[in-house]
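Below: the structure, in structure tokens.
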Amino acid sequence: MSGPAEESAVKVCVRVRPLIQRETKGALESSEPQKLYWKADTKSLHQLDDGVPTKSFSYDRVFSSSESTKQLYLDIAKPLVVSTVEGYNGTIFAYGQTSSGKTFTMMGCDFAPGVIPLSMEEVFQTIKNFPKKEFLLRVSYMEIYNETVTDLLVDSWKRKPLEVRETLNKNIYVADLTEELVTSPSQALAWVSKGEKNRHYGKTKMNERSSRSHTIFRMILESREVSDPATGENSDGAIIVSHLNLVDLAGSERASQTGAEGARFKEGCNINRSLFMLSQVIKKLSDESQRGFTNYRDSKLTRILQNSLGGNAKTVIICTITPATLEETLSTLQFASTAKKMKNDPHVTEVSDDGALLKRYRNEIVDLKRRLHEVSSVTQTTVTEKESLSQLLQEKDQLQKEQEDRIKNLTKLLVTGATFIPAKKMPKRRVTWGGKLLRFAGATEGDLGKSDLSFAEQVSRKRKADLSSMELLEEEEELDSRWEIPDESSYEMDLNQTGSVTGHSYEDSPQYVSQKEAKLELKLEEEKCLREEVLSRVSSLELQLEEERRKSEEVLSRASSLELQLKEAMNQEEVLSTASLELQLEEERRKSEEVLSRASSLELQLEEERCQREKVMSRASSLELQLKEAMNQEEVLSTASLELQLEEEK
Ligand code: ADP
Ligand code: MG
């Protein structure tokens, strides 16, 4: 198919089939050889009159009975099929009387695949030669019987008559016709066989019907240039749509009969209306003298295949004949000769509107890819967030551990500080000191016993509480020895001497007092140090706690932002498993809860620390008071001793 003249021409070929069993059998029964009316060479058919050629008919190609379907396909069908991949519309008709070999040629059989399966193979093979193009292929299969169009890809019980309609751009289409996407020849052929099954389902007079109906197997090819990934060049987005129609027509003998007899046609025998109208349209188109309106609308077939008849398509007509009939074959050959004169105007049509399915799919794919990208980037961030969060948690755990250790040490320190006060013996001493203090302050024993507000009492009570917790300590001896104070006497003094300091004991001696004073001073110094230490630790703990709180807040806000992102990700319908994300989120939540609970336990500890600090501070101030008291005592004692000395001297 090279050159515009050849492109516009309708190709017509004749295929002579070999005699079939019925014909040879009949000949056998009559004991006379089957009479052959036709003889073929590659371009012409010669009518034989008693074996002598009389008339000749020439076509683009004549296939003898010995030539295979494959041969026919390669010579006449293949170029058309290839050009449909290039964007041209193409139609192949099989025209001929019943049992002349139309279906054998179009559909084929197991050992000789027909034009339809060969074309399907060809389309997919040809597509491989266009690596820069992408294709979207669909198939439909319809039947026209009694001027009713039905969808053969729909189960017969669901089938309903389909309407032939026209778009604003004058494109003819069959409304509601199923178009199945195909990606391989076998897929396309699977639809053909499904259609065949549907066609034959429940039909008792199957052969009768199939000889009276037309079938159109159609492949819709959408193609466009793909953007070059190497150069990044984008295609202009133009989409080419082409149709490949493979048509198995009804038996032509009826058209010729009804056409000839007229009356039967008028009787409403519209089984041939389409075929009759086809010959009329072709006659009109092939007659240069007949200009003007071509009435495609008079039949469903001509309307559906309008483009292929003098329009924008390349058309091939295969006329099948049997050499055993004269009249019907003659009629077929006349049709073929007329069709030969028909001219088409094939050109590649570009569609740039969104009506092209390929464009819609392309857009959808782009959209889906974008959404997939979004989802995966969200997941990516989620994963990164999760990683950083778990790192943060690890850091936090480490910090927590350090903090706990520090608190432990601090507690130990506090306990160590407390051990300066002897455990079991403490209450006695305390009461003693308190008693003395109060006595010097002018209070009575009775007051001490009664007043809850007494500072001494408070100290005493606190110490008692401390004692209970320290009873477990088995350091009594050591602690006592550190104090080096004879407890029993002190205790006795406290119990026996009430209200006045008149007794003469070791404790009351100036030596003892100064010794005690020194010890107390030392102790006070120690207490002060301890207090400072505790204070600084408490403030550092407070800082840490603050930091913890901040971090846990961060973790929480991250978790909630993650939750938001996850929600978004879940909303975007995609491939990714959000369940695992949810699990991760759950884990994050659990961890942040842990962090929170740890923070609150830290807070508790801090509270305890504060208590301890208070204790230490109060102890320090009580020590200060005691020191003052001791100093006063010393003064009194020294005055007394001076008085004594004076007395003695006197
Ligand atoms: P149609 O579809 O035109 O009514 P078929 O294709 O059904 O005719 O052919 C009728 C019979 O002739 C079938 O048995 C088919 O196998 C046989 N036949 C047709 N053409 C050929 C051929 N070229 N070679 C061998 N057998 C053929
Ligand atoms: Mg048939």
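The values are calculated or read from the model by the stated rules, or taken from the named source; none is laboratory data. What you see is a predicted model; the values in this text were computed from it and never measured. Every residue, glycine among them, receives a Cβ derived from its backbone with ideal geometry; neighbour counts consider all protein chains shown. Just so you know, the surface numbers come from the protein's heavy atoms only, side chains and all, with ligands and any DNA or RNA stripped out. Shrake-Rupley method; radii C 1.70, N 1.55, O 1.52, S 1.80 Å.
Quick look at the numbers
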item: Tensor-based shape of the range 43-88 (alpha-carbon gyration tensor, a/c under 1.5 rounded, otherwise prolate or oblate); result: oblate
item: Simple label model, 7 Å out from Cα along Cβ direction - Glu86 to Ala190, nm; result: 3.2
item: With DNA, RNA and ligands ignored, accessible area of His347 (1.4 Å probe; Å², nearest 10); result: 80
item: Cα gyration tensor, the range 88-194 - rounded (a/c under 1.5), prolate or oblate; result: oblate
item: The range 72-113 - percent of accessible surface contributed by carbon and sulfur, probe 1.4 Å; result: 59
item: Residue pairs, from the table Lys300/Lys341; Lys102/Lys341; Lys25/Lys341, whose Cα atoms sit over 27 Å apart; result: Lys25/Lys341
item: For peptides 133-139, 300-306, sequence by mean Cβ density within 10 Å, most packed first; result: 300-306, 133-139
item: Rounded to whole Hz, the Karplus (6.51, -1.76, 1.60) HN-Hα couplings of the range 166-183, x for glycine and proline; result: 10, 7, 4, 7, 6, 8, 8, 8, 9, 5, 6, 6, 5, 10, 9, 6, 10, 10
item: The range 1-130: antiparallel DSSP beta bridges as a percent of all, rounded to 5; result: 75
item: Calculated FRET value between Asp367 and Arg291, using beta carbons and R₀ = 56 Å, to 0.05; result: 0.65
item: Interchain or long-range residues, amide H under 5 Å from Gly96's placed H; result: Ser252, Thr320
item: Sites Ile172 and Lys133, calculated FRET efficiency, Cβ-Cβ separation with R0 22 Å, nearest 0.05; result: 0.25
item: 3J(HN,Hα) from dihedral phi, the range 118-127, Karplus parametrisation 6.51/-1.76/1.60, rounded to Hz, x for glycine, proline; result: 5, 5, 4, 4, 4, 4, 5, 5, 5, 4
item: Karplus-derived HN-Hα couplings along the range 9-14 (A = 6.51, B = -1.76, C = 1.60, θ = phi - 60°), whole Hz, x at Gly and Pro; result: 6, 7, 8, 10, 10, 10
item: Val174 long-range amide H proximity, modeled H, under 5 Å; result: Arg165
item: Cut-off under 5 Å, modelled amide H: who pairs with Lys314 long-range; result: Asn89, Gly90, Thr91
item: Burial ranking of peptide ranges 616-622, 183-189 (average Cβ count within 10 Å, highest at the top); result: 616-622, 183-189
